[in-house]
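First up is the structure itself, then whatever we jot down about it.
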Amino acid sequence: MMKAKMVDICRSIMKVGKDDPRRVIHSVKVGFALTLVSILYYYEPLYQNFGVSAMWAVITVVVVFEYSVGATIGKGLNRGMATLLAAALGIGAHHLAILSGHIAQPFLLALFVFLQAAITTFMRFFPKIKARYDYGMLIFILTFSLISVSGYRVDEIINLAHKRLSTILIGSSACLVISTLISPVWAGQDLHNLVALNMEKVANFLLGFGAEYFKASEDDKSCLEAYKSVLNSKTTEESLANFARWEPAHGRFQFRHPWNQYLQLAALTRQCAYRIEALNGYLNSDIKTSVEIRSVIQETCTKISKESGRALMELSIAVKKMNQPCSAHTVHIENAKRAAKSLKSLLKSNPWGDNYDLLQVISVVTVASILIDMVNCTEKLAESVFELASKANFKKQEPTANVSSDKSLQNVKSPPTVDCHHTVINIPEDRTTILL
């Protein structure tokens, strides 16, 4: 049993590393950064300058070094700026307390600590501040309290603040340099890939839904389950967008890249995924509708599902490659809209009549209604992709001759060219022909 448990642990470790090899590199980077700042403690001349305060550099690396560059920069800047501001205000509060006299000094210091802690804690409840500066607020409270309170017992308060600020800056700088220069993990790139991948998952479901619902084929059902991760991706997307705002320009992600537009696109993708969740429920519903009832709407529903899926697939490829969307997705959306219009007319005519089980008919009509709504959702998502492409300056694709997926267009032949050396004029009145 012990051997089997060790084997399972080893397999789990290997799986974590294989799922994302960047995790292994990140672990090595953290170890290297800690070793580097530990020199402040090990090397005697440096230790004499910083003393026990050198430990703050080690602590800074532990708490600041995050997986992505944006998260590391955000925490590093939060910690550095909060420490600088809190140290300055703490020294100022200490001097004001000294001017008030020996008796009033502890009471005035306690008042300052209370005010800054209460005000800063209240500010942390603001959503925008909490999203980007929550860690800085915590460090501000901690540093101000340590500087102002310890100043009551320590005479060299400025020297204490200087050492702590210096070691924190050293630790933060080490994290920023190593995180940015050695195999960087960009939160913006991860957000970009995640949004494109989520659109692809939704598209794959729609492409396979028609065949599965109407039992037209026995394809692999794994693509019909991948969309579920899209439903719970909001927290991850918001975190990545927050971290991406701290990152410098890299690759094709320039300064002030429209990260908020990615969140809008992700929200629309989730709306499509919620509709897909409802469709998936009817795939495994306890109410089994007969093939005869389903066959009435099979053609139009399959058309809507496939065309919407193809449009989303084209859009996801455009986002992933950072290209301006081509006209192919527009053709698919128009085809889906025409199929949806036909389906509406079919439903209004009540093709089943009164001879079928009402529960089965309601189930089929609900599926049809969701698919019709999916067309509108796909169109909104396409508009959002166009807006993102415009704001992010996606590159334009070279015009190419696209082969239409419609077989009817492929069968159309161009008229033969005739090399005429003379002109023939037909005069129907007298049935004669003049040859020139």
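The values are calculated or read from the model by the stated rules, or taken from the named source; none is laboratory data. This is a predicted model, so every value here is computed, not measured. Every residue, glycine among them, receives a Cβ derived from its backbone with ideal geometry; neighbour counts consider all protein chains shown. Calculation scope for accessible area: heavy atoms of the full protein, side chains included, ligands and nucleic acids excluded. Shrake-Rupley method; radii C 1.70, N 1.55, O 1.52, S 1.80 Å.
G251 meets each of the listed conditions (1) more than 9 Å from the chain's Cα centre (by Cα); (2) on the phi < 0 side of the Ramachandran plot apart from (2). Could you check T235 against (1) among the β-branched types (V, I, T); (2) open to solvent by less than 20 Å² (accessible area, probe 1.4 Å); (3) closer than 30 Å to I73 by Cβ and say which number it fails? Every condition holds for T235 apart from (2). Taking the range 177-187 as the range and being surrounded by fewer than 20 Cβ atoms within 10 Å (Cβ to Cβ), over 28 Å from N323 (Cβ atoms) and of a type outside the set (V, I, T) as the test, only L181 passes.
Restricting attention to the range 33-46, which residues are open to solvent by 70 Å² or more (accessible area, probe 1.4 Å) and assigned to a helix (DSSP H, G or I)? Answer for the range 33-46, where residues must be open to solvent by 70 Å² or more (accessible area, probe 1.4 Å) and assigned to a helix (DSSP H, G or I): T35, L36, I39, Y41, Y42, E44.
With the checklist (1) at pLDDT below 90; (2) not in a helix (DSSP H, G or I) in hand, flag the one item F209 doesn't pass. Of everything listed in (1) at pLDDT below 90; (2) not in a helix (DSSP H, G or I), F209 misses just condition (2). Across the range 348-361, the number of residues qualifying as modelled with pLDDT of 80 or more, open to solvent by 40 Å² or more (accessible area, probe 1.4 Å) and not in a loop (DSSP other than H, G, I, E, B) comes to 1.
Select, from D134, D190, the only residue that is open to solvent by less than 70 Å² (accessible area, probe 1.4 Å), acidic (D, E), assigned to a helix (DSSP H, G or I) and under 17 Å from G80 (Cα atoms).
Working: D190 fails: under 17 Å from G80 (Cα atoms).
Just one listed residue meets the conditions, D134.
All of V30, V64, V24 fail the test of being in contact with a helix residue (DSSP H, G or I) (Cβ under 8 Å, 6 or more places away or on another chain) and over 30 Å from R164 (Cβ atoms), apart from V24. Considering each residue of the range 322-333 in turn, none proves to be open to solvent by less than 70 Å² (accessible area, probe 1.4 Å), within 21 Å of G210 (Cβ to Cβ) and over 33 Å from the mean Cα position of the chain (by Cα). For the range 83-90, indicate whether the set of residues that are within 28 Å of N260 (Cβ to Cβ), in a helix (DSSP H, G or I) and at pLDDT 85 or above is non-empty. Yes, the range 83-90 contains a residue that is within 28 Å of N260 (Cβ to Cβ), in a helix (DSSP H, G or I) and at pLDDT 85 or above.
Filter the range 256-287 for residues that are outside any helix (DSSP H, G or I) and within 18 Å of the chain's Cα centre (by Cα); which is modelled with the lowest pLDDT? Spell out the reasoning first.
Initial filter on the range 256-287 (outside any helix (DSSP H, G or I)): 256-258, 284-287.
Next, only the ones that are within 18 Å of the chain's Cα centre (by Cα) stay: 256-258.
Working: R256: 85, H257: 91, P258: 92.
Residue satisfying both the conditions and the ranking: R256.
For the residues V52, V24, V16, V30, the requirement of being more than 23 Å from S179 (Cβ to Cβ) and either in a helix (DSSP H, G or I) or open to solvent by less than 90 Å² (accessible area, probe 1.4 Å) (or both) singles out V52. Restricting attention to the range 308-321, the residues that are farther than 14 Å from V202 by Cβ and either open to solvent by less than 10 Å² (accessible area, probe 1.4 Å) or over 19 Å from the mean Cα position of the chain (by Cα) (or both) add up to 1.
Based on this model, can you work out whether I147 counts as under 27 Å from K75 (Cβ atoms), among the aliphatic types (A, V, I, L, M), modelled with pLDDT of 85 or more and open to solvent by less than 30 Å² (accessible area, probe 1.4 Å)? Please lay out each step first, then the result.
Numbers: under 27 Å from K75 (Cβ atoms): yes; among the aliphatic types (A, V, I, L, M): yes; modelled with pLDDT of 85 or more: no; open to solvent by less than 30 Å² (accessible area, probe 1.4 Å): yes.
When the stated conditions are applied, I147 does not pass them.
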